1. Residue by residue through the stretch 354-369, note down the ones that are polar (S, T, N, Q) and open to solvent by 60 Å² or more (accessible area, probe 1.4 Å).
2. Looking at (1) buried (at least 19 other Cβ atoms within 10 Å of the Cβ); (2) within 30 Å of Ala242 (Cβ to Cβ), which one does Phe120 not meet, given that it meets all the others?
3. State which residue is surrounded by the fewest Cβ atoms within 10 Å (Cβ to Cβ) when the search covers only the stretch 243-278 and only residues that are of a type in the set (Val, Ile, Thr) and within 18 Å of the chain's Cα centre (by Cα).
4. Would you check if there is a residue in the stretch 225-242 being assigned to a loop (DSSP other than H, G, I, E, B), at pLDDT 85 or above and exposed (fewer than 15 other Cβ atoms within 10 Å of the Cβ)?
5. Can you list residue pairs whose Cβ atoms sit under 8 Å apart, with the first residue in the stretch 145-157 being over 17 Å from Leu133 (Cα atoms) and the second being loosely packed, with under 13 Cβ neighbours inside 10 Å and not aliphatic (A, V, I, L, M)? Count only pairs 6 or more apart in sequence or on different chains.
6. What pairs can you find where one residue is in the stretch 30-41 and among the small types (Gly, Ala, Ser), the other is open to solvent by 20 Å² or more (accessible area, probe 1.4 Å) and in a helix (DSSP H, G or I), and their Cβ atoms are less than 7 Å apart, with a gap of 6+ or different chains?
7. Out of all the residues in the stretch 97-112, is one or more modelled with pLDDT under 95, farther than 24 Å from Asn253 by Cα and exposed (fewer than 14 other Cβ atoms within 10 Å of the Cβ)?
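The values are calculated or read from the model by the stated rules, or taken from the named source; none is laboratory data. Model, not experiment: these values are computed from the prediction. Every residue, glycine as well, gets a Cβ built from its backbone with ideal geometry; the counts of neighbours run over all protein chains shown. All accessible areas refer to the heavy atoms of the entire protein, side chains included, with ligands and DNA or RNA removed. Shrake-Rupley method; radii C 1.70, N 1.55, O 1.52, S 1.80 Å.
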Amino acid sequence: MLENLRISIQGIWSHKMRSFLTMLGIIIGIASIIAIVSTIKGTSEQIKEDLIGAGNNTVTISLYDGDTTYDAEYGMSSSSPPILTTEQKEEVMDMEHVENATFFYTRTYSSSIYYQNSAFQGGTIYGIDMNYLDTCGYMVQSGRGFIRKDYDDLRKVALVDSNAAENLFAGEDPVGKTIEIGGEPFVVVGVVRLNDSYQPNIEDINEFYEYYQTVIGTVMIPNDCWPIAFKFDEPENAVIRADSTDNMSKAGNDAASILNQGIGEESSFKYRADDVMERVRSLQQLSESTNQQLLWIASISLLVGGIGVMNIMLVSVTERTSEIGLKKAIGARKKVILFQFLTEASMLTSIGGIIGVISGIALSRVVAQVSGAPTAISVPAIIGSVLFSMLIGVVFGLLPSVKAANLNPIDALRSE
């Protein structure tokens with residue numbers, strides 16, 4: 001085996017230009033496949049990041065009234081909305097694959113918040129529990145977050161996010177300022193922001209409205225103080241954080257099932273999980289199906305490269321006919337000759353495969369820089385490409401190797 005490798009390398013090196021031109025089809029094919037697979041994987045990850053956002057594996061479970069999300073400020077229904085029980089919340093918290101969960105009140109486009117003569121129009125207000133900031137990935141930018149005594153003593157305190165701080169306070173430091181919520185004074189104790197730089201892709205009007213609310217900003221108060229500002233009980237929504245991205249859909253749907261316990265079939269109210277991962281999979285499949293066509297096109301160059309290998313190996317057999325005849329005359333068996341030429345063909349395509357992998361990685365980086373398309377190098381694709389290039393050498397080198405092995409030693413020696 002080692003002798004075959006030595007002879008193969010010697011033969012390739014002695015015809016460097018011819019060997020390189022023979023490898024070129026393999027190099028181009030493998031490089032194209034690596035670049036395309038890297039782009040497919042990078043695009044899939046980008047789609048997932050665009051939809052999931054901060055990557056904190058959170059799923060929102062919202063209360064729907066028919067086909068629209070329920071908003072207490074505008075909600076009109078013939079029946080009373082459901083109120084979650086402590087037992088339901090504990091059951092969600094104890095679910096498998098759920099690392100954390102939070103329950104909160106919300107009103108969108110709130111018109112009941114004022115700072116001096118400025119109204120907070122178009123923003124969102126949340127009544128949050130102690131888990132909300134951690135579960136949703138918020139960090140305190142200035143001031144402080146809520147503490148247990150804020151809840152126990154029903155302190156009328158509030159948090160604002162960085163957008164609300166800019167839009168409501170016009171450049172002033174919000175911490176320590178008093179705002180009016182539902183006619184009640186609340187003191188701002190801190191400014192918070194999401195711990196990421198996520199910018200969503202907006203594709204329809206509902207996503208625009210949802211994003212518009214986050215741009216205007218968010219005000220948060222302790223959920224125990226919600227009845228102080230809004231005078232009556234309201235239904236809550238939930239956010240859960242799954243232990244992995246793959247478990248988001250299952251955890252969200254299971255949590256929605258728990259929250260729907262006690263809601264009659266005839267009721268128009270239902271909790272539904274925002275199945276982000278289903279949207280991720282749909283967009284990934286669309287992207288991958290398009291790129292699969294490019295993979296087939298790139299594979300044609302591998303076929304051309306394989307034919308080139310076969311052609312050159314046939315030439316090599318013709319050039320070395322006397323050498324083959326001499327080896328067979330001194331006792332070399334057919335399988336020895338066969339494996340020698342198969343090894344040379346495999347070495348030729350393997351070297352081409354390795355150069356193709358390096359070129360493919362470099363090409364994917366260039367594509368990412370020029371077009372801005374994300375790429376992610378796939379280790380299985382690299383390993384598979386090298387093994388596939390070796391297979392091409394075996395398949396397309398088989399005919400020349402069989403021809404060499406079947407040469408008659410007397411005819412071969414006479415060829416000179």
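1. Hit for the stretch 354-369 is Gln369, nothing else.
2. (2)
3. Thr245
4. no
5. Listed pairs, sorted by first residue: Arg155/Lys149; Lys156/Pro185.
6. Ala31/Ser359; Ala31/Leu363; Ser32/Ser301; Ala35/Leu363; Ala35/Val367
7. There is at least one residue in the stretch 97-112 that is modelled with pLDDT under 95, farther than 24 Å from Asn253 by Cα and exposed (fewer than 14 other Cβ atoms within 10 Å of the Cβ).
Residue by residue, here is whether (1) closer than 17 Å to Ser19 by Cβ; (2) modelled with pLDDT of 75 or more; (3) touching a Gly at 6+ places or on another chain (Cβ under 7 Å) holds:
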residue	(1), (2), (3)
Ile354	yes, yes, no
Leu363	no, yes, no
Ala368	no, yes, no
Pro380	no, yes, no
Leu387	no, yes, no
Gly393	yes, no, no
Val402	no, no, no
